[in-house]
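Structure first, commentary second.
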Amino acid sequence: MSAYIASLVSVIGINLILALSLNIITGFCGQVSLGHAAFYGLGAYMAAYLAKLGAPLPVTLLAGTAMAGAIGIVVGLTSLRVRHDFLAVTTMGIGFVLLGFVRKQKWLGGELGISGIPGPGLDAVSYALLIVAFAAAVLAFSLWIKQSWMGFTFDAVADDEDAARTVGVNVSTYKLVAFGIGTALAGTAGGLYIYFARIILPDTFDFVQSIAILTMVVIGGTGSVWGVFASTVVLTLLPEVSRAAADYRLLIFGAMLMLVMRFSPGGLAGLLRKPA
Amino acid sequence: MNALAEIDDLHVSFGGVAAANGVSFTVERSELLALIGANGAGKTTALRMVAGILRPDRGRVLFDDRDVTALPAHARVRLGLGFTHQIVRPFYSFSTIENVMLAAGYARTASPWKAITSRSRMAARDKARAILERFGLGAQAERSPRALPLGQRKRLEVARAIALDPKLLLLDEPLAGLSSAEATTMADLIRTLSGQGITVVLVEHNLGEVLRVADRLVVLDAGKVMAQGAPSDVMARDDVRQAYTGVV
Amino acid sequence: MLFVELVVQGLVYGCMYAMMAVGLTLVYGLLRILHIAHAGVFALGAYMTVTVANATGSLALGFLVATVVSAIAGIAIYRLAYQPILHHAAFVPMVVSIGLFIVMQEAFRLIFGAYGIAFDKNPWYVAHVNLVGINLTYVEIAMVIMSVVLLVGFGLFAGLTRAGIGWRATVTDPHMATSFGVDPVRVRYVNFLFGSALAGIAGGLVGLLNNYVEPTMGGAVSYKALAIVVLGGLGSVRGTLIASLVLGVVEAFGAIYLANIFDRDAIGFLFLIVVLMVRPQGLLGRG
């Protein structure tokens, strides 16, 4: 594997973890989140801060995951208070608040971010494989959830919360669990990212990134694990396949979002599913 | 306490209007109790407070010797309370049998940990199928609730509640919107359930069927209980007839 | 003195936010859609104003073209993007709107360049007036006057004209309104027409204010406008107006006093989140 391929594989792996984790929140449990990139950022910043203090990789990853998950549960608590249609704006706002905070903190590097992050202690190819292993684990975990009673319960919560309550489902708890798991995994992606990039900037985790992640979920088919897998791989490779496409990347994302939602709201997975 | 449930002095207001103004009654074990009254008397409001969907401003709800007033709806379900909505709410993205399966598997949805560690849906499917057969919905198992006519959707709503193995079943206008033949069938079904030992409280407008199947009536008027007792005794009272029809 | 200055500055920005937010509230109240592409219409208005003004030398013509083009764009968006998918869950139109906004923003970047355009002639940018010891540029005054005139005008329309009352009825209860002979589709067109025109004008004004029009200018204002719609409560125009002014003032103060902790964009959202925790239905929404 050449260095270029290794780098490509790493990016795909990280994007997979991001998209699959958002899929748990939005696709499985039906909670719209427009601030997912902020948790990616939280994990990255936590890991980077500790890495520069000398902490080893397993510790930084764990810390990034835990930090993102903890704040994620707090955000989940806000989701319980807010009307369903307002959740999108609230999660978007949380993204802006978290990022706005980080941008102003000198000890986190402010606008210039954190640079000089140490390497992972593995060569590029081995590290890429580590990322792939994590992505595979998240994929397997997503499938597990989907096939378990948790997936069944999430489906009910996404369909009709009040009806779910009348069959004994503690809707609040399940929403919090979805947020906790999804955001924690986004934090893991952040922790993995820092060793790959060696430098992190606040702009990497902004609203546009949240939308990019959402695009991967939506186009794959919100809720469909394999659909999200496919769309993430394709959308990540797109700018690589065509240099020209790179400048039009956002335009293509936007156009795809519109077209897919207009003609097949169930995404790619929806196209393949037989009609109910 | 011998009664299964005790509703004690419930008060609730919406925007200054008292929908419940001191509702008190008991529910005896295994009985089929009907809450009746004119429109706006507060019947559905009272039922929703017993179910835990609506929080009272004042008063208590006791169930099986426990004060459940502060418990949310889903927790009351776990203690043995089933509820059906006036306007049916099946999970439209599930099939008919899946609707009942989720309820049948209530042990597995009790906590996220239990849920994530349980995979097999076999037992729930078998239990759900049996219930659907009892309710005459066996042939509809794989169909979407969207494809079912109202009468069957209402039966599905009750079937789903039964899958929770409830001690007390709260039914909000189960006969509303049904033709007279369907209403009779449904009323008979409810009577059968009651005969099997489940305590049933229903809110209903369809007096004909109610008088036929209920053991006891509680009449609400302007948010208060105005009369209770055996159907024939209650309906013979002048004040009850006046409240209903405005004529003595 | 600083206090008064901040309040005034906040109110000026509040007027600008109001012009954006009213259009969003109108759409949300009627269709329950978060019309994020509204930001694209805002930027479109700005681009129309600056290109026409620079080409013809007339600012008035620029604004006129901006108003017309924005209104048409708004209606086109409704007809082509939203109407075909109204029957889906709310998530779907919102995502379409996000996609459309991105497409518009990128289109501006590819057509007009990433670095922005300035007004050739912008006398109002510098010229200012001193009112009770506070400096206000002509643009800021124009913004306040324009928004007051337009919003009062709309208020009169909604309250006194037949069409306006029909509009209000449709927002409150579409079925009832139809049985009274109000055409709901016409009402939607009016909504988008008026809201989008407002956004286009606001875009032109903001372009004048900063003497600069660039592709991403819709973003920041639009996100705040969304926060305002939520703050103001369920599609309530009055709530939106009050929330706009409140947000403008809160932001002005927050930018100074919280400067070391949060950046400017975050302050508005922080306020929103705090309010929602205390009152989930928004400042003026009903529970």
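The values are calculated or read from the model by the stated rules, or taken from the named source; none is laboratory data. Keep in mind it's a predicted model, so treat the numbers as computed, not measured. Backbone-built Cβ (ideal geometry, glycine too); neighbour counts: all protein chains shown.
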Residue match in segment C:197-204 (condition: within 22 Å of the chain's Cα centre (by Cα) and more than 23 Å from C:Ala81 (Cβ to Cβ)): yes
Can you go through C:Ala127, C:Ala169, C:Ala225, C:Ala197 and tell me which one is among the hydrophobic types (A, V, I, L, M, F, W, C) and touching a strand residue (DSSP E or B) at 6+ places or on another chain (Cβ under 8 Å)? C:Ala127
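Take the conditions of a type outside the set (Phe, Trp, Tyr), in contact with a Ser or Thr (Cβ under 7 Å, 6 or more places away or on another chain) and free of Cβ contacts under 8 Å to residues at least 24 places away in the same chain and apply them to A:Thr26. Does it pass?
Numbers: of a type outside the set (Phe, Trp, Tyr): yes; in contact with a Ser or Thr (Cβ under 7 Å, 6 or more places away or on another chain): yes; free of Cβ contacts under 8 Å to residues at least 24 places away in the same chain: no.
In short, no.
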Residues in segment B:135-156: is at least one within 14 Å of another protein chain (Cβ to nearest Cβ), under 15 Å from the mean Cα position of the chain (by Cα) and of a type in the set (A, V, I, L, M)? yes
Condition first: in contact with a strand residue (DSSP E or B) (Cβ under 7 Å, 6 or more places away or on another chain) and of a type in the set (Val, Ile, Thr). Now tell me which residues in segment B:193-248 satisfy that. B:Ile198, B:Thr199, B:Val200, B:Val201, B:Val203, B:Val210, B:Val213, B:Val218, B:Val219, B:Val225, B:Val234, B:Val240
Entirely in segment B:96-206, the helices (runs of 4 or more DSSP H) that have 3 or more residues that are farther than 20 Å from B:Phe83 by Cβ: B:112-117, B:122-134, B:180-195
Inspect segment C:55-77 for any residue being under 17 Å from C:Ala199 (Cα atoms), in a helix (DSSP H, G or I) and within 14 Å of chain A (Cβ to nearest Cβ) and give the result as yes or no. yes
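Quick test for you: out of B:Asp126, B:Asp65, pick the one residue that is among the acidic types (Asp, Glu) and either touching a helix residue (DSSP H, G or I) at 6+ places or on another chain (Cβ under 9 Å) or crowded, with 19+ Cβ neighbours inside 10 Å (or both). Write out each step before concluding.
Working: B:Asp65 fails: either touching a helix residue (DSSP H, G or I) at 6+ places or on another chain (Cβ under 9 Å) or crowded, with 19+ Cβ neighbours inside 10 Å (or both).
After ruling out the rest, the residue left standing is B:Asp126.
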List the number of the failed condition for A:Asp155; all other conditions in (1) without any contact (Cβ under 8 Å) to a residue 12 or more places away in the chain; (2) among the acidic types (Asp, Glu); (3) facing another protein chain (nearest Cβ under 10 Å) hold. (1)
Taking the residues in segment A:98-109 that are touching a residue at least 12 places away in the same chain (Cβ under 8 Å) and at the interface with chain C (Cβ under 10 Å from one of its Cβ atoms) as candidates, determine which candidate is nearest to A:Asp206 (Cα to Cα). A:Leu99
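Out of curiosity, is B:Ala5 in contact with a Phe, Trp or Tyr (Cβ under 8 Å, 6 or more places away or on another chain) and within 23 Å of B:Leu207 (Cβ to Cβ)?
Taking the combined requirement at face value, the residue does not satisfy it.
Test of understanding: among A:Phe179, A:Phe101, A:Phe134, A:Phe141, which residue is over 28 Å from B:Asp165 (Cα atoms) and surrounded by 23 or more Cβ atoms within 10 Å (Cβ to Cβ)?
Working: A:Phe101 fails: surrounded by 23 or more Cβ atoms within 10 Å (Cβ to Cβ); A:Phe134 fails: surrounded by 23 or more Cβ atoms within 10 Å (Cβ to Cβ); A:Phe141 fails: surrounded by 23 or more Cβ atoms within 10 Å (Cβ to Cβ).
None of the other options fit; the residue is A:Phe179.
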Inside segment A:19-54, can you point out the residues that are surrounded by fewer than 24 Cβ atoms within 10 Å (Cβ to Cβ), out of contact with any Phe, Trp or Tyr (no Cβ under 9 Å at 6 or more places or on another chain) and not charged (D, E, K, R)? A:Leu50, A:Leu53, A:Gly54
Identify the residue in segment B:89-100 that is surrounded by fewer than 22 Cβ atoms within 10 Å (Cβ to Cβ) and under 11 Å from B:Arg153 (Cβ atoms) and, among all such residues, is farthest from the other protein chains (Cβ to nearest Cβ). B:Tyr92
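In segment C:235-287, which residue that is within 22 Å of C:Leu11 (Cβ to Cβ), charged (D, E, K, R) and at the interface with another protein chain (Cβ under 10 Å from one of its Cβ atoms) is nearest to the chain's Cα centre (by Cα)?
The initial filter retains those residues of segment C:235-287 that are within 22 Å of C:Leu11 (Cβ to Cβ), namely C:236-259, C:262-272, C:274-275, C:282-284.
Remaining after also requiring charged (D, E, K, R): C:238, C:251, C:263-265.
Narrowing further to those that are at the interface with another protein chain (Cβ under 10 Å from one of its Cβ atoms): C:263-265.
On the way: C:Asp263: 22, C:Arg264: 18, C:Asp265: 16 Å.
Applying the filter and picking the extreme gives C:Asp265.
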Could you check, for segment B:106-117, whether at least one of its residues is within 7 Å of chain A (Cβ to nearest Cβ) and among the aliphatic types (A, V, I, L, M)? yes
Tally the residues that are at pLDDT 90 or above and of a type in the set (Asp, Glu), restricting the search to segment A:86-139. 0
Test set (1) buried (at least 23 other Cβ atoms within 10 Å of the Cβ); (2) closer than 27 Å to A:Ile114 by Cα; (3) of a type outside the set (Ser, Thr, Tyr); (4) within 10 Å of another protein chain (Cβ to nearest Cβ) - A:Ala212 fails condition number: (1)
Any idea which of B:Gly82, B:Gly59 is touching a helix residue (DSSP H, G or I) at 6+ places or on another chain (Cβ under 6 Å) and either away from chain A (no Cβ under 11 Å) or not in a loop (DSSP other than H, G, I, E, B) (or both)? B:Gly82
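Return the total of residues in segment B:31-43 being surrounded by fewer than 18 Cβ atoms within 10 Å (Cβ to Cβ) and either of a type in the set (Val, Ile, Thr) or touching a helix residue (DSSP H, G or I) at 6+ places or on another chain (Cβ under 7 Å) (or both).
Within segment B:31-43, the first condition is being surrounded by fewer than 18 Cβ atoms within 10 Å (Cβ to Cβ), and the residues that meet it are B:31, B:38-40.
Right, trim to either of a type in the set (Val, Ile, Thr) or touching a helix residue (DSSP H, G or I) at 6+ places or on another chain (Cβ under 7 Å) (or both) and you get B:38.
Residues flagged as surrounded by fewer than 18 Cβ atoms within 10 Å (Cβ to Cβ) and either of a type in the set (Val, Ile, Thr) or touching a helix residue (DSSP H, G or I) at 6+ places or on another chain (Cβ under 7 Å) (or both) within segment B:31-43 amount to 1.
Which is on the phi < 0 side of the Ramachandran plot and away from chain A (no Cβ under 12 Å), of B:Ala163, B:Ala130?
Details: B:Ala163 fails: away from chain A (no Cβ under 12 Å).
Of the residues listed, the single one that is on the phi < 0 side of the Ramachandran plot and away from chain A (no Cβ under 12 Å) is B:Ala130.
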Determine which single condition A:Thr204 fails, assuming it passes every other condition in (1) over 20 Å from B:Pro112 (Cα atoms); (2) out of contact with any Phe, Trp or Tyr (no Cβ under 9 Å at 6 or more places or on another chain); (3) surrounded by fewer than 23 Cβ atoms within 10 Å (Cβ to Cβ). (2)
In segment B:146-160, how many are under 19 Å from B:Lys127 (Cβ atoms) and in contact with a helix residue (DSSP H, G or I) (Cβ under 8 Å, 6 or more places away or on another chain)? 5
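Restricting segment A:218-273 to residues that are among the charged types (D, E, K, R) and either more than 21 Å from the chain's Cα centre (by Cα) or more than 11 Å from chain C (Cβ to nearest Cβ) (or both), which is surrounded by the fewest Cβ atoms within 10 Å (Cβ to Cβ)? Steps first, please.
Initial filter on segment A:218-273 (among the charged types (D, E, K, R)): A:240, A:243, A:247, A:249, A:262, A:273.
Next, only the ones that are either more than 21 Å from the chain's Cα centre (by Cα) or more than 11 Å from chain C (Cβ to nearest Cβ) (or both) stay: A:240, A:243, A:247, A:262, A:273.
Values: A:Glu240: 14, A:Arg243: 8, A:Asp247: 13, A:Arg262: 19, A:Arg273: 14.
So the residue we want is A:Arg243.
Would you pick out the residues in segment A:251-266 that are part of a helix (DSSP H, G or I) and not charged (D, E, K, R)?
Selection gives A:Leu251, A:Ile252, A:Phe253, A:Gly254, A:Ala255, A:Met256, A:Leu257, A:Met258, A:Leu259, A:Val260, A:Met261, A:Phe263.
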Filtering segment C:240-262 down to residues that are out of contact with any Phe, Trp or Tyr (no Cβ under 7 Å at 6 or more places or on another chain) and of a type in the set (Phe, Trp, Tyr) yields C:Phe253, C:Tyr257
Options C:Val237, C:Val213: the member that is over 14 Å from C:Ala39 (Cα atoms), in contact (Cβ under 8 Å) with a residue 40 or more places away in the chain and in contact with a Phe, Trp or Tyr (Cβ under 9 Å, 6 or more places away or on another chain): C:Val237
